[in-house]
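These notes concern the structure reproduced below.
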Amino acid sequence: MKYLVIKCGGSVLENLPRSFYEDVISLHETGEWTPIIVHGGGPLINQLLKNLHVETTFVDGLRVTNQEVLDIVEMVLSGTVNKQVVRNIIEAGGNAVGISGVDGGLLQSIPTKNAKELGFVGEVVEVNVKVIEGIIQQGYIPVISPIGIDASGQRYNINGDIAASATAKALGANLCFISDIPGILVEKDGVKTTIDKASKAMIEKLIENHTIYGGMIPKVRAAIDGLVHNISEVAIINGFEKNSLLDYTNGKTIGTKIVLEEVIA
């Protein structure tokens, strides 16, 4: 049995087809792979902040989070989005339990290094894997909302990609980022093509020349950090392509695989 952490960003969640959830359930039922979903919820958070006339800004793809923003982020992620994902799995014929990183001290967190600039944005220092294993042992698919907590009870907004990477590291799992594009795209002769494999060095160059930008930056950096710390494999795949998740787990060439070593073109 292998663990597979599946990160679904907020921008894709609202439109993911039923077939995606059916594939997750199929993986769960075969017993060869154990899926764990970690989700984001950026667009819904943006919409609610706008409706409430609360200003929000980003630094390198991370949301600046004061106390007011944190309350709204938790409400959207651990409430609306988390239960939406659980409902989607149930509607597709599966069983899921939704929790946040606060529950059972699942995502033990500390302030991020540039907390003065970002506010209550955290990084995960420990994952309580017993909480995840307990849900799995009862036959459910865990669905995790990326809100962290520290020993004093302070909550933190955790970037979903970073939370997914931390969870995969703790479980020694494969990590799969679900996107609405087929992977990391580069322009060749005026045409955008998918890179099958991207190394750490290549990714740093793509960030430098702004091919990778915004929310993709924490995604690829979380991937590299995960590979350095126990994650078996990281891939970015298109969740809108039929059977993409199953194709990935069956070892087919799909999306972009992120690796540490240099890639020979």
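The values are calculated or read from the model by the stated rules, or taken from the named source; none is laboratory data. This structure is a prediction, so every number in the text was calculated from the model and none was measured. All Cβ positions, even for glycine, are placed from backbone atoms using ideal geometry, and neighbour counts span all protein chains on display.
Exactly one condition in (1) buried (at least 19 other Cβ atoms within 10 Å of the Cβ); (2) modelled with pLDDT of 95 or more is false for VAL129; which is it?
Among (1) buried (at least 19 other Cβ atoms within 10 Å of the Cβ); (2) modelled with pLDDT of 95 or more, VAL129 violates only (1).
Identify, from the list SER11, SER26, the residue that is touching a residue at least 24 places away in the same chain (Cβ under 8 Å), among the hydroxyl-bearing types (Ser, Thr, Tyr) and over 14 Å from ASP161 (Cα atoms).
Only one candidate qualifies: SER26.
Which count do you get for residues in the range 230-252 that are among the hydroxyl-bearing types (Ser, Thr, Tyr), out of contact with any Leu (no Cβ under 7 Å at 6 or more places or on another chain) and at pLDDT 85 or above?
Residues that pass the stated criteria total 2.
Just checking, which of VAL24, VAL81 is under 19 Å from the mean Cα position of the chain (by Cα), modelled with pLDDT of 95 or more, aliphatic (A, V, I, L, M) and within 24 Å of GLY104 (Cα to Cα)?
After applying the criteria, what remains is VAL81.
Quickly run through the range 8-20 and pick out the residues that are touching a helix residue (DSSP H, G or I) at 6+ places or on another chain (Cβ under 8 Å) and either farther than 23 Å from ILE158 by Cα or crowded, with 20+ Cβ neighbours inside 10 Å (or both).
CYS8, GLY9, LEU13, ARG18, PHE20
For ILE110, which of the numbered conditions (1) closer than 16 Å to SER78 by Cα; (2) touching an Asp or Glu at 6+ places or on another chain (Cβ under 8 Å) fails to hold?
It fails just one condition, (1).
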